[in-house]
Amino acid sequence: MAEGQGQAAPDAVPTRIGQVVMLHHAGDREEARHRYLALWAEIGEHGDPLHRCTLAHYLADTQDDPGDELAWDLRALAAAEEITQDRGGEHHEDVLAARALYPSLHLDLAADYDRLGHHEAARGHLRRARDAAEALADDRYGEGVRAAIRRLESRLGDGGPAADGPWGPPRRRP
């Protein structure tokens with residue numbers, strides 16, 4: 001067998017992740033989780049950091065246990081930080097992509113910590129999400145992330161459930 005056949009071709013990984021995202025958004029959460037995990041096994045713990053960041057970010061959304069969701073969101077953030085430590089050169093586009101994910105990464109972590117009762121950690125990540133969101137464009141994605149940040153700010157501000165019942169930020173990506 002030729003070397004590298006066991007791994008996904010780098011150009012194919014974002015497409016494959018996108019296909020699983022569509023499956024997940026169509027409502028098949030369990031199958032999406034299995035496919036994401038298979039992709040994770042192909043990419044590996046030390047694979048391309050942008051692929052790991054993106055995959056872990058989406059994989060967190062398929063978790064049933066809040067602790068598992070937090071673990072995947074932390075993996076996504078660690079991979080994003082790995083990317084942004086390489087501040088240019090041939091990976092400049094990856095750095096920009098990772099920075100665009102920071103608001104959503106921190107927002108998800110804030111929501112994870114809130115669900116687990118770690119409210120100070122939640123507030124810290126919410127501040128980081130808000131700060132990072134300043135760099136987002138005024139497009140659908142940026143507006144969606146900023147709206148989710150405002151909702152969580154409101155939720156954490158009074159320390160109790162929202163007026164219309166328990167709230168969690170949307171786990172679908174805007």
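The values are calculated or read from the model by the stated rules, or taken from the named source; none is laboratory data. Keep in mind the model is a prediction, meaning the values are calculated, not measured. For neighbour counting, all protein chains shown are included, and Cβ atoms are generated from backbone atoms with ideal geometry for every residue, glycine included. In case anyone asks, the SASA skips ligands and DNA or RNA and just uses the protein heavy atoms, side chains included. Shrake-Rupley method; radii C 1.70, N 1.55, O 1.52, S 1.80 Å.
Here is a yes/no grid of residues against (1) among the small types (Gly, Ala, Ser); (2) open to solvent by less than 70 Å² (accessible area, probe 1.4 Å); (3) within 22 Å of GLY47 (Cα to Cα); (4) in contact (Cβ under 8 Å) with a residue 40 or more places away in the chain:
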{"position": "TYR102", "(1), (2), (3), (4)": "no, yes, yes, no"}
{"position": "ASP114", "(1), (2), (3), (4)": "no, yes, no, yes"}
{"position": "ALA129", "(1), (2), (3), (4)": "yes, yes, no, no"}
{"position": "ASP139", "(1), (2), (3), (4)": "no, no, no, no"}
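Within the stretch 1-21, can you find the residues that are open to solvent by less than 60 Å² (accessible area, probe 1.4 Å) and either closer than 17 Å to ALA56 by Cβ or modelled with pLDDT of 95 or more (or both)? Scanning the stretch 1-21 gives ALA8, VAL13, ILE17, GLY18, VAL20, VAL21. Considering the stretch 7-18, and only residues there that are in a helix (DSSP H, G or I) and touching a helix residue (DSSP H, G or I) at 6+ places or on another chain (Cβ under 8 Å), the residue that is farthest from GLU69 (Cα to Cα) turns out to be PRO10. Of the listed requirements (1) touching a residue at least 60 places away in the same chain (Cβ under 8 Å); (2) exposed (fewer than 13 other Cβ atoms within 10 Å of the Cβ), LEU107 misses just one: (2). Can you pull out the residues in the stretch 135-154 that are assigned to a helix (DSSP H, G or I) and either among the acidic types (Asp, Glu) or modelled with pLDDT under 90 (or both)? Within the stretch 135-154, GLU143, GLU153 qualify. Scanning the stretch 22-65 for residues that are surrounded by 13 or more Cβ atoms within 10 Å (Cβ to Cβ), outside any helix (DSSP H, G or I) and not small (Gly, Ala, Ser) gives ASP28, ASP48, ASP61, THR62, GLN63. Could you check the stretch 113-125 and list, in sequence order, the residues that are out of contact with any Phe, Trp or Tyr (no Cβ under 9 Å at 6 or more places or on another chain) and assigned to a helix (DSSP H, G or I)? TYR113, ASP114, ARG115 - these are the residues of the stretch 113-125 that are out of contact with any Phe, Trp or Tyr (no Cβ under 9 Å at 6 or more places or on another chain) and assigned to a helix (DSSP H, G or I).
Filter the stretch 116-127 for residues that are surrounded by 18 or more Cβ atoms within 10 Å (Cβ to Cβ) and free of Cβ contacts under 8 Å to residues at least 24 places away in the same chain and give the result. Scanning the stretch 116-127 gives a single hit, HIS125.
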